[in-house]
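**Student:** Sharing a structure below in structure tokens format, with a few things to ask.
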Amino acid sequence: MNPRVLIADDEPLLREELARLLKSYWPQVELVAQTANGEETRHALRELQPDVAFLDIRMPPPDGLTLAEEFESASVHVVFVTAYDEFAVQAFDKNACDYLLKPVSASRFQATVARLQDRIRNGETMSAIATLRSEINALKAPTWLERVAVRRQGATRLINVSEIRYFKSDAKYTLAYDAEHEYILSTPLKELERQLDPALFWRIHRNCLVNVNQIEQISRAATDNMQIKVKSRSESLRVSRRFRQLFHEL
């Protein structure tokens, strides 16, 4: 029976690249699912029970480490996909975990496939994820953006990101909204997303990041349309179909 594979990453281009590499270097596998966030991935792991899962370490929650720990007793072989620096890579190596560094090289992917084939053939189980997590957590924690410089009516000021209800891309600029005002930032939304704590700001649409702590109401219409209202703002924010799984357990 051919191995069944799941690819989980919030970057569409990377998912496509991993699928292409699989087709080239392991054509016998069956790609059963591609997922973009932790909730979609959790559902796919439960329902499809793949033999191999490529899990992004930092996809929208729950992240790859959390899911690997959650499904540690299952027979799935996990390959972590990460942009972590060399110190975290040492933790992966020490715990004999399979991993791919972004951007993924063909040679590294080919070597990973060879190890996976050996592990499946020999019936090896996954390494202890709790140990790996503790070692990675012991590394220097990332410093997330705490304040942003914004402009309004010709004046520039610093504002705490915790006060921001949501960020939205608009043509050449990024717009930020607090309880009362709209501000302008020159930082593109995608770059801003990399600087913000992913536990605090979730992408709900390709052009919108919302502060989870500022969500006041989530509405689900009969037409499968999901919208969010944030504190002290009158407008509603639409959640695209791709990101609705994030809110199913809220």
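**Student:** If you plug each phi of the range 194-207 into the Karplus form 6.51 cos²θ - 1.76 cosθ + 1.60 with θ = phi - 60°, what whole-Hz ³J(HN,Hα) values come out, in order, with x for Gly and Pro?
**Tutor:** 5, 8, 8, 5, x, 7, 9, 10, 10, 7, 10, 7, 4, 10
**Student:** Calculate, in nm to one decimal, what residue 171 and residue 151 gain on full extension: separation in residues at 0.36 nm each, minus their alpha carbon distance. Don't skip to the end; give the middle numbers.
**Tutor:** Values: separation 20, 0.36 × 20 = 7.20 nm, distance 1.60 nm.
Residue separation times 0.36 nm, minus the Cα-Cα distance, leaves 5.6 nm.
**Student:** A follow-up question, please. Please tell me the relative contact order of the range 147-247 in percent, rounded to the nearest whole number, where contacts are Cα pairs under 8 Å and at least six residues apart.
**Tutor:** The normalised contact order for the range 147-247 reaches 19 percent.
**Student:** While we're on this one: Relative contact order for the chain: what percent, with Cα pairs under 8 Å and sequence separation of 6 or more?
**Tutor:** Reported relative contact order: 12 percent.
**Student:** Now a separate question. For the range 4-137, calculate the relative contact order in percent as a whole number, restricting contacts to Cα pairs under 8 Å that are 6 or more residues apart.
**Tutor:** Details: 187 pairs, mean separation 29.9, N = 134.
Rounded, it is 22 percent for the range 4-137.
**Student:** From the residues 43, 134, 75, which one has its Cα farthest along the dipole of the chain in the positive direction, the dipole being from +1 and -1 charges on Cβ of Lys/Arg and Asp/Glu about the Cα centre?
**Tutor:** Positive-most Cα among the choices belongs to 43.
**Student:** Largest first and to the nearest Å, give the Cα extent of the chain along each principal axis.
**Tutor:** Taking the Cα atoms of the chain, the three principal extents are 65, 44, 31 Å.
**Student:** Continuing with the same structure: Take the range 147-247, drop everything but the C-alpha atoms, weight them equally and run the Debye formula without solvent; then report log10 I(q)/I(0) at 0.14, 0.16, 0.17, 0.19 Å⁻¹ to two decimals.
**Tutor:** Here the Debye-derived log intensity ratios amount to -0.50, -0.65, -0.73, -0.91.
**Student:** For the range 99-239, with only Lys/Arg (+1) and Asp/Glu (-1) charged at the beta-carbon, what is the dipole magnitude about the Cα centre, in debye rounded to 20? Let's see the in-between values first.
**Tutor:** Values: 23 positive and 15 negative charges, 64 e Å.
Magnitude of the dipole: close to 300 debye.
**Student:** I've got another one for you. Taking every DSSP beta bridge that has both residues in the chain, what percent is antiparallel when rounded to the nearest 5?
**Tutor:** In the chain, approximately 65 percent of DSSP beta bridges are antiparallel ones.
**Student:** What is the calculated FRET efficiency for residue 73 to residue 221, with r their C-beta to C-beta distance and R₀ = 41 Å, to the nearest 0.05?
**Tutor:** After rounding, the FRET efficiency stands at 0.60.
**Student:** Using Cα-only point scatterers and the Debye equation, what is log10 of I(q)/I(0) for the range 4-137 at each q in 0.09 Å⁻¹, rounded to two decimals?
**Tutor:** Treating every Cα as an identical point scatterer, log10 I(q)/I(0) equals -0.22.
**Student:** Where does each of 215, 7 land when they are ranked from fewest to most other beta-carbon atoms within 10 angstrom?
**Tutor:** The most exposed by this proxy come first: 215, 7.
**Student:** Another question about this same structure. If the elastic network links every pair of Cα atoms under 10 Å, which of 82, 125, 143 fluctuates the most in the Gaussian network model of the chain?
**Tutor:** 143
**Student:** Can you work out the FRET efficiency for the pair residue 119 and residue 241, with r the C-beta to C-beta distance and R0 = 35 Å, to the nearest 0.05?
**Tutor:** 0.45
**Student:** Tell me what the chain gives for mean residue ellipticity at 222 nm when only DSSP H runs of n ≥ 4 count, each as -39,500 (n - 2.57), the sum divided by the residue total, rounded to 500 deg cm²/dmol.
**Tutor:** Result for the chain, helices only: -9000 deg cm²/dmol.
**Student:** Between the range 218-241 and the range 8-62, what is the separation of their alpha carbon centroids in Å?
**Tutor:** Each part's Cα centre sits 28 Å from the other's.
**Student:** While we're looking at this one, here's another question. Sort 169-177, 150-158 for me by packing, meaning the mean count of neighbouring Cβ atoms within 10 Å per residue, highest on top.
**Tutor:** 169-177, 150-158
A short reminder: the numbers here are calculations on the coordinates, not readings from a lab. All values derive from a computational prediction rather than experimental measurement. Positions of Cβ are backbone-derived with ideal geometry, glycine not excepted, and every protein chain shown enters the neighbour counts.
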